[in-house]
1. How much FRET efficiency would the formula 1/(1 + (r/R0)^6) give for F26 and R3, where r is the Cβ-Cβ distance and R0 is 25 Å, rounded to 0.05?
2. Label 7 Å along Cα→Cβ of R49; region 19-38 residues with amide nitrogen under 13 Å?
Amino acid sequence: MDRQKVADQVGELLRQTYDDVLREPFPDRLRDLLERLESDRPMFFREARAAEDSDAAITLTER
């Protein structure tokens, strides 16, 4: 098998796996932890979450 073809297949599988992970619901336990931490540093976590949501949305729309 051609090395480039194998590399392309591996790349596609990694992209599919990443997309699948982005579509999974955020675990309640982690959300609760973030909410407790957010009470100590509300702006930091709100901005970080907004950046992550934006990055995920861009990634999904690019596919």
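1. The calculated FRET efficiency here is 0.10.
2. 26-38
Read-outs throughout are calculated quantities, based only on the coordinates presented, and are distinct from any laboratory measurement. Being a predicted model, the structure only gives us computed values, none of them experimental. Cβ: placed from backbone, ideal geometry, glycine included. Neighbour counts: every protein chain shown.
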